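Shown next, in structure tokens, is the structure this report addresses.
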Amino acid sequence: MQTATELDLNWVDVCALHDLPDNNMGAAVLHEETQIALFYIKQIDQVFALNNLDPFSGANVLSRGIIGSVGDELVVASPIYKEHFNLKTGQCLEDEGVSIAAYPTKVTEGRVLIGLSS
Amino acid sequence: MSKKTLVVIGNGMVGHKFLQSMVNSDVMQDYQIVTFCEETRLAYDRVQLTSFFSGKSEDDLSLVEDNFFEDNNITVHTGDRAKHIDRKSKVVTSEKGVSISYDKLVLATGSFPFVPPIPGHERDNCFVYRTIDDLIEISEAGETSKVGVVIGGGLLGLEAAKALKDLGLKTHVVEFAPRLMAVQIDDGAGAVLRKKIEELDVSVHTQKNTQNIVDGEECVHRMNFADGSHIETDVILFSAGIRPRDDIAAECGLALGERGGIVVNDSCLTSDDDIYAIGECALWDGKIFGLVAPGYQMAQVVADHLAQKDNAFTGADMSTKLKLMGVDVASIGDAHGVTDKAKVYTYVNGADDVYKKIVVSEDNTRLLGAVLIGDTVDYGNLLQLKLNDIPLPEYPDSLILPQRDGSGATGLGVEALPDAAQICSCYDVSKGDICQAVSDGSTTMGALKECTKAATGCGGCAALVGQVLNKELEKMGMDVNTDLCEHFAFTRQELYHMVRVEGIKTFDEMLDKHGKGYGCDICKPTVGSILASCWNEYVLDQPHAALQDTNDRYLANMQKNGTYSIVPRITGGEITPDKLIVLGQVGKKYNLYTKITGGQRVDLFGARQEQLPVIWKELIDAGFETGHAYGKSLRTVKSCVGDTWCRYGLADSVSAAIDIENRYKGLRSPHKIKLAVSGCTRECAEAQSKDVGVIATENGWNLYVCGNGGMKPRHADLFATGLDFETMIKYIDRFLMFYVKTADRLQRTSTWMMNLEGGLDYLREVVIEDSLGLAETFEQEMQTVVDAYECEWKRTVESEERTKQFSTFINTDKPDSQIVFVPERDQLRPARQDELTSTSAD
């Protein structure tokens, strides 16, 4: 998914695509001090990236949540108190006022890149 | 306005029910209540008295809610008998000299067991069967005895015989009449009942008139009968009927019946307008009602009369259904067919020892009475036909004939019942009450029981309550949505069935065949658990890993800061000093917060994700295996130290617990399962608060099921008694497998059982009597799970690829630097939010 602001992004290579679990499970990567949760969804062959910090518990755990869908939206459920976050937008489904950073991603030559604002 | 004084004499079942009725009534505010309780124990459940011998405690039997008297400001004089009523000055005086002036007085003095004046009836070791004190004495006498006799083969006599049997005595029942339960059943039924009871190794002697009791040669007593025969015995229990306790009423001149009993009218008023009598001491229309349900009705009538509400006692149905020594017995209405020109239909099945009889009106259209032995399934239907005067089918015998052609039971649909039909007689719940509760939102059996109390007394009406519930739901057009989640339009039980029948091995296969979308955090762990229950494959295998709930995915319990706790298995709570030292060393080395759990294990907190395999490697090398504390699975089998060390122990509870834990460890289930084994009824392992609890008795193991602690604690129900270890394991296999197969997601055994139509009785039928013919399958399936067991952590640490999955980040070996601990009482704990901000500000 490419957007107008993409040019302002700093694309960071975080891992190889084959490093990610291929069974709809999350994994975490560290970029400088930022912890990022990556989710590779095999049915659509796409990678999603969210900030790994669960705002409800303050723990870096979202990569360890269960991936699923609510209606048409892909979500991850926090493993601590089970709130759901939209994989595309970072919006919390249970609490309108809460959302977490969602990062654009792309896969180039087998590498996973994450777009961070520069 | 000052309050009036209401004195209640007697805190038995009916007396207490009256107090409860008052507390629930507005009229309570007008009265100050004082009650006398002759026994030192407040009201307890006399109907369940026999269960005292099979392991129930005094507390279990108590009917008094915590702080009932304090909270409701009722004064109670325990261990003090009201002795005298002065009707003129309206004062009650007690044995201990307490005098209370009353405005209104309620007599709930109950009855006493009739002891025939046989010469020798006052000898030692001769007892009656009425109070907990009686039972304690009988039980003490039982310890030095071999043989016991019950005089009286009525309902209570057979209960008492069961008690003697439970005490391990060779048991005889001696009855004056030509058959057992002479009042309730006829000769044909009596013969079937007798045969069944004799099969249980209880000798039955009918038409025996005891002449005297003298010293025996081999036993304490010798009972001589009029026909010249005799029996030697060590213990004698008299159970020859009850008599109303009307002495206090007689002394103050209240009207009594010719053969005793305090005469009352429809409002339960005696011949004195300020004195009521209720329960077994009251004589209404020339009849004493020796069952608890009519007593409860009377209690309500008096509470209503005091509140000037319309209510009247109009007699009670004396139909009964019960299990006597494991034999189903039921009697309805005119069981003997004494009604003029009544017609009788009988069905006798000599092969299965089933006897059924119905008594119908001359014109074949109305049911008058019935007797059922060996199979009481028809009881609910027949009783409703009788009570509601419902026209019978063209051929009334179809009501009791077996349905073998698949045409289904003839009975009547619950729809034929009027709203006023009483479904639960223990708590007087009508069909209308149940319908109302359903439409108010109690749409499960469990919720209905909680809301209406129906089916929570004797449980005899459970099937009927279930039918009413289903019919109502159907009528409301309420398609009860039992879908697991939006991805699967099935219940957990249906999914389980698919996995078994279609041999489904992965979540993806399940989703492809029967689901939609991507799954979610509800269906994924559920299917993961079912797959594990059925096939017991390694849960972190590629297709299963993504299904696992938070804790299962890393085989450890996630704590609030994202770190994990580790609980190695310590079977039965037994651990060597060396292994204990290893736990200490590991805890110290990795700086883990260490705590003893309630399940007799050690919990090590604060391990980071990437540390888990390293720590477990050390634990496995020292001989530990996983404790499954993270799974919806068998947790612990708690034990007391047992007869190996304990002065009171009756069996080796530790060995038993270890065997049981090793058998079921690793079993994945709808919710966590906890077990315990106690070596005697002192119950130090708290087995009665577990899903499965085992208590050693002199006669073998007593098995309890469906208890739990937690948010809604529930005492376990006594399920079977006097088992040998092997039989007990079979029962537990069947019980657990039945639960695993049929329970809903996150439903503990107690809720599951409550929602089974037929509840505990049904569970017994399935597990003990094998009514579904599935016992062998359950055992085989359990054996498959047992054989497939492997320690998940052992398997995990053996492979580098698997341990790699535990690294916190896939692009670096660094740990999560945001996990912060602070010291407390010489150990570490997670930093609180405010402490975090202060550290980061440094």
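Derivation of every value follows stated rules applied to the coordinates shown; laboratory data play no part. Only a predicted model underlies this, so the values are computations on that prediction, with no experimental measurement involved. So basically every Cβ, Gly included, is an ideal-geometry build from the backbone, and we count neighbours across all protein chains shown.
Could you tell me how far the Cα centroid of the range B:519-534 sits from the Cα centroid of the range B:712-784, in Å? One Cα centre to the other: 22 Å.
Here the dipole of chain B is about 1260 debye; that uses its Cα centre as origin and unit charges on the Cβ of Lys and Arg (positive) and Asp and Glu (negative). Per q in 0.15 1/Å, what log10 I(q)/I(0) does a Debye calculation on the alpha-carbon atoms of the range B:540-676 return? The calculated log intensity ratios at q = 0.15 Å⁻¹ are -0.76. Estimated translational diffusion coefficient (Stokes-Einstein, Kirkwood radius over Cα pairs, 20 °C, 1.002 mPa s) of the range B:739-801: 151 µm² per second. Ranked by the mean number of other Cβ atoms within 10 Å of their residues, highest first, the peptides B:97-106, B:541-550 come out as B:541-550, B:97-106.
Under the convention that each Lys and Arg Cβ holds +1 and each Asp and Glu Cβ holds -1, the size of the dipole of the range B:709-842 around its Cα centre is about 480 debye.
Find, among the trypsin sites (Lys or Arg not before Pro) in the range B:190-288, those assigned to loop by DSSP (not H, G, I, E, B) with at most 16 other beta-carbon atoms within 10 angstrom. Answer by residue number: B:ARG259.
Since only B:HIS84, B:THR482, B:TYR427 are under comparison, the one whose Cα sits farthest along the positive direction of the charge dipole of chain B, derived from C-beta charges on Lys, Arg, Asp and Glu, is B:THR482. Per-residue mean of foreign Cβ neighbours for B:508-518 is 2 (Cβ atoms of other chains, 10 Å radius).
Packing-based ranking of B:525-537, B:823-835, A:69-81 yields B:525-537, A:69-81, B:823-835, ordered from highest to lowest mean Cβ neighbour count within 10 Å. Remark: the protein assembly as shown carries a charge dipole of roughly 700 debye about the Cα centre, counting +1 on each Lys and Arg Cβ and -1 on each Asp and Glu Cβ. Can you give the Kirkwood hydrodynamic radius of the range B:654-712 from its Cα pairs, in Å with one decimal? Mean inverse Cα-Cα distance, inverted, gives 11.9 Å. For chain B, what ratio Rg/Rh do Cα atoms give with a Kirkwood hydrodynamic radius? Dividing the radius of gyration by the Kirkwood radius yields 1.02. Qualifying chymotrypsin sites (Phe, Trp or Tyr not before Pro) in the range B:647-719, where qualification requires a DSSP coil assignment and no more than 12 other C-beta atoms within 10 Å, comprise B:TYR648.
Which value, in nm² and rounded to one decimal, describes the direction-averaged projected area of the C-alpha convex hull of the range B:492-548? Approximately 3.4 nm², given one-decimal rounding.
Taking every alpha-carbon pair under 8 Å whose residues sit at least 6 apart, chain B reaches a relative contact order of 7 percent. Seen from every direction in turn and averaged, the convex hull around the alpha carbons of the range B:1-91 projects onto 6.9 nm². The mean count of C-beta atoms from other chains within 10 Å of the C-beta of residues in A:68-79, rounded to a whole number, is 4. When shorter helices are ignored and each DSSP H run of at least 4 residues is given -39500 (n - 2.57), the per-residue value for chain B at 222 nm works out to -9000 deg cm²/dmol. Legend: P(r) of the range B:126-240 from all alpha carbon pair distances, 5 Å bins from 0, whole percents, reading 2, 13, 24, 25, 20, 12, 4, 1. Note on the range A:62-118: Cα-Cα pairs beyond 19 Å make up 36% of the total pair count. Summary value for the range B:1-128: 31 percent relative contact order, contacts being C-alpha pairs under 8 angstrom separated by 6+ residues.
Short to long, the 10 Å bins of the Cα pair-distance histogram for the protein assembly as shown hold 2, 10, 16, 19, 18, 14, 10, 7, 3, 1, 0, 0 percent of all pairs. Counting only Cα atoms, the range B:633-790 measures 42, 34, 28 Å along its principal axes, largest extent leading.
Show log10 I(q)/I(0) for the range A:20-117 at q = 0.13, 0.15, 0.18 Å⁻¹, two decimals, from a solvent-free Debye sum over equal Cα scatterers. Summing over Cα pairs of the range A:20-117 leads to -0.39, -0.52, -0.76. For the protein assembly as shown, the residue among B:GLY286, B:LEU269, B:HIS514 whose Cα projects farthest onto the positive side of the dipole built from Cβ charges is B:LEU269. Mean sequence separation of contacting Cα pairs (under 8 Å, at least six apart), scaled by the length of chain A, corresponds to a relative contact order of 27 percent. Note on chain B: antiparallel DSSP beta bridges, both residues inside, total approximately 65 percent of the bridges counted.
For the range B:76-212, what proportion of DSSP beta bridges, expressed in % and rounded to the nearest 5, is antiparallel? Given both bridge residues lie in the range B:76-212, the antiparallel proportion sits at roughly 45 percent.
In loop segments of the range B:1-92 as defined by DSSP, the GluC sites (Glu not before Pro) with at most 14 further C-beta atoms inside 10 Å of their C-beta are B:GLU65. When each of the peptides B:708-718, B:264-274 is scored by the mean number of other C-beta atoms lying within 10 Å of its residues, the order from highest to lowest reads B:264-274, B:708-718. Dividing the Cα radius of gyration of the range B:700-842 by 2.2 N^0.38 Å, with N the residue count, gives 1.64.
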